[in-house]
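Colleague: The structure follows.
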Amino acid sequence: MFFNRLLLEGFYIPENLSEACDKRIKEFLTGRYCAVSAMKLLCGIRYKQPGYGPDQEPIWPKGITGSISHTSEYCVAIACNNPNAIVGIDIENWLPNNVAKNISEQIVLKGELEFIECFDSYEQFVTVVFSAKEAIYKAILSRVKRFINFSEVQLSFCNEDQLRFNLLEPLQSQFPDLSEITVYWKKHHKFVECLAVVI
């Protein structure tokens, strides 16, 4: 079985996940497998799996930064060895219309509503903005070391594969030399994939 093989190959489950449900453990191991695969593709050598931080964030080997995301069916990981770059990746299943409407006020700023026309539907718009902001959060978490509110970045541009977000306060004060973050997005049949890159 795939997951038993991963454990035999040296993958492990952190102590604070030892009592987690089987689904959560499988998601965790799959994510770490993807991360190790990404690092091997990047560097040509096999690293151990990334560690597990206090905010459930992956702790990457020295000289590498990366990100992991998964849904109930899919998993992705990215690794980068540019010392000046940070990356965040997120995948989200397309939200049903009723869910998108229920959570939109927590995610979407009024100034972002003008970009609805860039998307096929309202629920697609909310899903993409949510996923993009999650990708940004993952990218910069290691530098800000705090919870980031969805209202701290605002969508300012969109096209068929790229989004740009302006930084708002209090986040802007922590990145005085950074005015915006680019997020690359790709539409899949069941989910959206977003990649935030900060250099």
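The values are calculated or read from the model by the stated rules, or taken from the named source; none is laboratory data. Just so it is clear, the model here is predicted, and its values are computed rather than measured. Backbone-built Cβ (ideal geometry, glycine too); neighbour counts: all protein chains shown.
Colleague: Return the total of residues in segment 51-69 being touching a strand residue (DSSP E or B) at 6+ places or on another chain (Cβ under 7 Å) and either in the same structural domain as SER131 (by TED's automatic domain parsing) or under 19 Å from LEU195 (Cα atoms) (or both).
Modeller: 9
Colleague: Right, here's the next one. What is the number of the single condition among (1) touching an Asp or Glu at 6+ places or on another chain (Cβ under 7 Å); (2) under 25 Å from ASN4 (Cβ atoms); (3) part of a helix (DSSP H, G or I) that ALA100 does not meet?
Modeller: Going through the list (1) touching an Asp or Glu at 6+ places or on another chain (Cβ under 7 Å); (2) under 25 Å from ASN4 (Cβ atoms); (3) part of a helix (DSSP H, G or I), ALA100 breaks only (2).
Colleague: What is the number of the single condition among (1) polar (S, T, N, Q); (2) out of contact with any helix residue (DSSP H, G or I) (no Cβ under 9 Å at 6 or more places or on another chain); (3) loosely packed, with under 13 Cβ neighbours inside 10 Å; (4) farther than 28 Å from SER121 by Cβ that ASN102 does not meet?
Modeller: It is condition (4) that ASN102 fails.
Colleague: What tally of residues in segment 15-33 results from selecting those that are surrounded by 14 or more Cβ atoms within 10 Å (Cβ to Cβ) and over 15 Å from PRO61 (Cα atoms)?
Modeller: Final tally of qualifying residues: 9.
Colleague: Quickly run through segment 178-199 and pick out the residues that are out of contact with any Phe, Trp or Tyr (no Cβ under 9 Å at 6 or more places or on another chain) and of a type in the set (Val, Ile, Thr).
Modeller: Correct list: ILE199 only.
Colleague: I'd like the full set of residues that are surrounded by 18 or more Cβ atoms within 10 Å (Cβ to Cβ) and outside any helix (DSSP H, G or I), limited to segment 34-56.
Modeller: Those that are surrounded by 18 or more Cβ atoms within 10 Å (Cβ to Cβ) and outside any helix (DSSP H, G or I): GLN49, PRO50, TYR52.
Colleague: So which residues in segment 147-180 are surrounded by fewer than 16 Cβ atoms within 10 Å (Cβ to Cβ), closer than 30 Å to TYR52 by Cβ and under 16 Å from the mean Cα position of the chain (by Cα), if there are any at all?
Modeller: PHE147, ASN149
Colleague: Further question on the same structure: Would you confirm whether or not segment 142-153 contains a residue that is part of a helix (DSSP H, G or I), within 24 Å of TRP60 (Cβ to Cβ) and either in the same structural domain as PRO54 (by TED's automatic domain parsing) or among the small types (Gly, Ala, Ser) (or both)?
Modeller: Yes, that holds for at least one residue.
Colleague: Test of understanding: among PHE115, PHE130, which residue is among the aromatic types (Phe, Trp, Tyr), part of a helix (DSSP H, G or I), touching a strand residue (DSSP E or B) at 6+ places or on another chain (Cβ under 8 Å) and over 26 Å from ASP55 (Cα atoms)?
Modeller: Going through PHE115, PHE130 in turn, just one is among the aromatic types (Phe, Trp, Tyr), part of a helix (DSSP H, G or I), touching a strand residue (DSSP E or B) at 6+ places or on another chain (Cβ under 8 Å) and over 26 Å from ASP55 (Cα atoms): PHE115.
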